[in-house]
Amino acid sequence: MVARTARPVPAVRAGDVVIALFLLAVFVFAYLHAQEWPFRTRFFPELLAAAGIAFAVIKLAGFGLQAYRHRQWARQAGDETDEQADEQADEHSIEYVFGTAGGRAWLAALAWVTVFFTSLLVFGVFITVPLFTLAYLKIAGSAGWLGSVIYAAVAGGLLWFVCGELLAVPMPAGIF
Amino acid sequence: MSDRKHQSRFLFALLGVVALFATGCDSAGTSTEAAGGGGGDCSMFEGETVKLVVPYSPGGGYDAYARMVAPHLAKELGGKVVIENQDGAGGLLAINNLMAAEPDGTRLAIMNGVGVAGGALADAEGVRFDLQDLSMIGRVAEQKPVFVVGGGTDYKSVEDVQAGKGFRFASTGPGAADFVNAQMLIQILGIDGRVVTGFDGSDESELAVVRGDVDGQTGDLDSRIDAIEAGDQRPMLVIDAERAKELPDVPAIAELDLDQQEQELTKSLIDLSAFGRPIVGPPGLPEDRLSCLRKALQSAVESPKLLAEADKQQRPLTWLSGDELDDRVKRLADAPAEFKRGLKDAYEQK
Amino acid sequence: MFQTFFQSLLEVLQPETMLIMLAGIAIGFVVGVLPGLGGSVTLALMLPFVFDMEPVQAFAFLLGMWVVTATTGDITSVLFGVPGEATSAATVFDGYPMTKRGEAGRALGAALLSSTQGALLGAFFLALSVPILRPMVLAFGPPEFLMMTLLGLTFVVALSGRNVLKGFLMAAFGMLVALVGIDPQEGVPRFAFDQLYLWDGIDLVPLVIGLFAGAEVLQLMLSKTSIADKTMAKEISGIGQGVRDTFRHWSVVVRSSAIGIVIGIIPGMGGSVSQFIAYGHAQQTSKHPEQFGKGSIEGVLAAGANNNAKDAGSLIPTIAFGIPGSVGAAVLLGAFMITGLNPGPEMLTTNLNVTFSMVWIMVLANIVAVAVAFLLIRQLVKLTYIPGTWLVPFLLILLGIGAFTASNNINDIFVMLGAAVLGVVAIHWDWPRVPFLLAVVLGGLAERYLFLSYSLHEWFWLTKPSVLVLAALIIFIAVWPYVRSARGRGKKPVPAPVEQPDDDLTKVGK
């Protein structure tokens, strides 16, 4: 049938399979974990996990079928048009950015995020906010000193004055 | 071009800054500066900041009480009292955290007395402390439990309920005060009935009672009084040693004709209910700090200004001293085994 | 009654009352825009201020503030993809993609005006239903709530777009997440792994922030461009078009408002549930469901109209029984007590003027707030052209603090980060995120109401007429799009999903 219509069948993406397998594992774990609970506690999660397992298995089987058809189609159509199936994404879309950002850009972005939240947990918000703002603007944003310092000082200062002193609201305080 | 860019950057910075200041300043933020010092022996708190933890999110009864009392307590202590909401585990998370706090009195918590004390007695999961270890500062408000039925039901008195069959109580779930009280009533009064769980708070329970989906519920007098006055719910019993002044015609459970064992259970139940909404501190508070806090809280709760405010908010204050709470803790430790077993059942059905 | 209705308007229009209301609106405006600072929390903080006020004044202040937070919460959702309020989460789904397309003005115009329309419809309904307020609230019980929950869950199909199975998987996962915490039947902690933090379940706010805003901030960090592309922006920022959109798609506005009112009445369903149901419904019934999540104006309208109408709905049980329909309404109940009002029958007789004044306050406060917001839109839209690197520190702070304030617990931040990872993965491999959220919101409700229905009626609840009617409705709503598209295919080709030009607006409204 595939051969007759010769419609392009996209290749299965490894990421999809991994996600489906991960979800399958989650549902299996949930099902097993639920066994130790009393009936009324486990009834709903068990039902749910069973449904989830069924969906995941069907999905994985679907991926298997898709992979098979893709190979059939690719053999017929030749290799040159292989990866054209993806729709044209405009360069502002999040899918495009995630798909095309280089490894270094990813590493840098994740490093900044890690630094921010680690610092938030360790040093608390009042130290993190000005320092991170300054560092990020200077290094990642290559902004001028004046702008960065003002931004950082104002953000940190206001946060400290209003939240810390004036209203005394709970903030991530760090471990010190 | 670059000018406009500059302008928009400036605009943004300004807005960001305005935004920032309040974003962080979320939830809890009432802080109250003291005006003038308090009692003579309370100098150690002068200028200090005391955190009063509310184990629920803002907007509920505990939160309202804490916010109402905080400024007056601050005045008595000569320092600041700051509210911090820390919800989790039905109020247990904050109390568990309190146990590890520095015992200097700068971190206190208002707590769900019946829930936490009951849980501790039942040795329920999630309670990681002994009731005796908590430093009882004092109870700011009681939570007089009442037993009500739907206004449309045929039950006119407790005797009707006892004579009836298949009575259904509404409750949020095991471990909640409305569950413990209902379970205990079934046991003490020999009601042929059961507790239907899964309602999302006393509001949904109330609606179910008014609709006639269930027959009745137990709840605080404060939160039931509107429905009682509107005729949506009919009071059957006050779970206390004496009648409530708001409901002079409704019998107290202690008046009922009970045998000795039932009386003992009733006594323990009343002792448990007496915890109401206490303010507690971490274990091992030094004697001088504890007595200072107790004194300060008492004069705050008994100050005419706060009483007037409480009256207006319809959140009445009924002081019970830390000493008396300690007494209750001791008495409950010696409560009849059957009471503890009943509690255990109420916290973990099987 | 009519006389009371208009007298209460005069009461609200008293200079002093108006002044108090304007103060409330100003506070509500700022609070709504800022993530982390929630409407109900602010209400709790402001409660002491109404001590010496007359009832109408107290409500002018508090209610005025509260309804405005729901309106202005959409602004942050549209501009930055971070929901300004928990109830503005669904506005992110389509509002933010529109912003990235350079249509922030249009999205804001549509979101704000539809909010007002929702508020007007809600207020109108509240006023109209005064004579039947009490029987109406009592008409529904757990079995009916269960059916409504199921109705909401059927939208998973529509929300999944092209890949239904992926949507089902995400929904099942979301429901598991919803079950984390103490179960209401036996009191057993489920999937809590000895963490007390998990006992009360996973909060929606850090989840939404991470799932949507987290991924978007990461995108800004990667691309280092501004949120919106200047070259793509239409010179006329399209506010007027957004306004006209609300009339062109009037039926979406009306239906989403109706959903908001009904769900708002149900005390156990809470404020943040109905937006997802309204959004799912809008996508289900749309002629262009494939545009949802990519910047569909209908999606923006559904979320905008819904989150204001639901406030009116949640006031209904509050007024009629003193049973709040949402957290915000619960705090408002405190204002009833402070001002010496007894919720219940009295509100419909001796204090009817106060009840009607609440209707007027909702209407007036929204009109004022939206008028002010419209004046600011042009300036606000400029924010989306600022270079991404300047925004990142600010947004990261919003993310961290916005999540932290869910329960003032460090773990909220971890939940947010976990959700952000899920969001990035879901975007990259094209797994739908909205079914997941819908399931998180409805999963616990479905279980609770199933057990309650059974506990109360055993299986007889299945034979209740109201349940059967709702079941028929579910089937109709689930099947209708297929019937329609099948019929449409039979007659003529489905029109291509091209935005209609502006000028056919002249036809609308006649």
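Numbers for the structure displayed
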item	result
Extension gain (nm, one decimal) between residue A:105 and residue A:76, 0.36 nm per residue minus Cα-Cα	6.6 nm
At R0 = 51 Å, FRET efficiency that the Cβ-Cβ distance of residue B:324 and residue A:57 yields, to 0.05	0.25
Reciprocal mean inverse distance between Cα atoms of segment A:101-166 - Kirkwood radius, Å	12.6 Å
Of B:165/C:464; B:144/B:295; B:245/B:312; B:75/B:245, pairs whose Cα-Cα distance is over 26 Å	B:75/B:245
Stretch gain in nm, segment residue B:311-residue B:163, where the contour uses 0.36 nm per residue and the Cα spacing is subtracted	49.4 nm
Packing-based ranking, highest mean first, of C:144-150, C:438-444, A:144-150 given that Cβ atoms within 10 Å are counted	C:438-444, C:144-150, A:144-150
For the protein assembly as shown, alpha-carbon Rg relative to the globular expectation (2.2 N^0.38 Å, N residues)	0.94
Chain B - percent relative contact order, Cα under 8 Å, separation 6 or more	23 percent
Rg over Rh [alpha-carbon atoms, Kirkwood Rh] for segment C:256-321	1.06
Mean separation of Cα contacts under 8 Å (6+ apart) over length of segment B:145-272, as relative contact order %	32 percent
Residue C:484/residue C:18 FRET efficiency (R0 41 Å; Cβ-Cβ; nearest 0.05)	0.30
Loop trypsin sites (Lys or Arg not before Pro), segment C:156-210 (other Cβ atoms within 10 Å of the site Cβ: 15 or fewer; DSSP)	C:162
Per-residue mean of C-beta atoms belonging to partner chains within 10 Å, peptide A:31-37	2
Label-point separation in nm, residue A:33 to residue C:52, each point 7 Å along Cα→Cβ	5.5 nm
Inter-label distance, nm, simple model (7 Å from Cα along the C-beta direction), residue B:291/residue C:128	6.9 nm
From phi via Karplus (6.51, -1.76, 1.60), per-residue ³J(HN,Hα) for segment C:104-110 in Hz, x at Gly/Pro	4, x, 5, 4, 5, x, 5
Helical contribution to [θ] at 222 nm, DSSP H n ≥ 4, -39,500 (n - 2.57), averaged over the protein assembly as shown, rounded to 500	-20000 deg cm²/dmol
Percent of alpha-carbon pairs separated by more than 22 Å within segment B:145-272	26 percent
Calculated SAXS-style log₁₀ I(q)/I(0) at q = 0.11 Å⁻¹ - segment C:255-387, Debye, Cα scatterers	-0.51
Chain C - Kirkwood radius from inverse mean 1/r over Cα pairs (Å)	23.1 Å
Longest to shortest principal axis, alpha-carbon extents of chain B, angstrom	83, 56, 41
10 Å Cβ shell holding at most 14 others, DSSP loop, GluC sites (Glu not before Pro): longest site-free stretch of chain B	B:47-241
Length-normalised contact order for chain C - Cα pairs under 8 Å, 6+ apart - percent	27 percent
Descending semi-axes in whole angstrom, ellipsoid equivalent of segment C:104-181, from the Cα gyration tensor	31, 24, 11
Antiparallel bridge percentage (DSSP; both residues within segment B:145-272; nearest 5)	60 percent
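Read the figures in this text as sums done on the coordinates, not as results from a lab. If you're wondering where the values come from, they're calculated on a predicted model, not measured in any experiment. Using ideal geometry, Cβ is built from the backbone for each residue, glycine included, and neighbour counts are taken over all protein chains shown.
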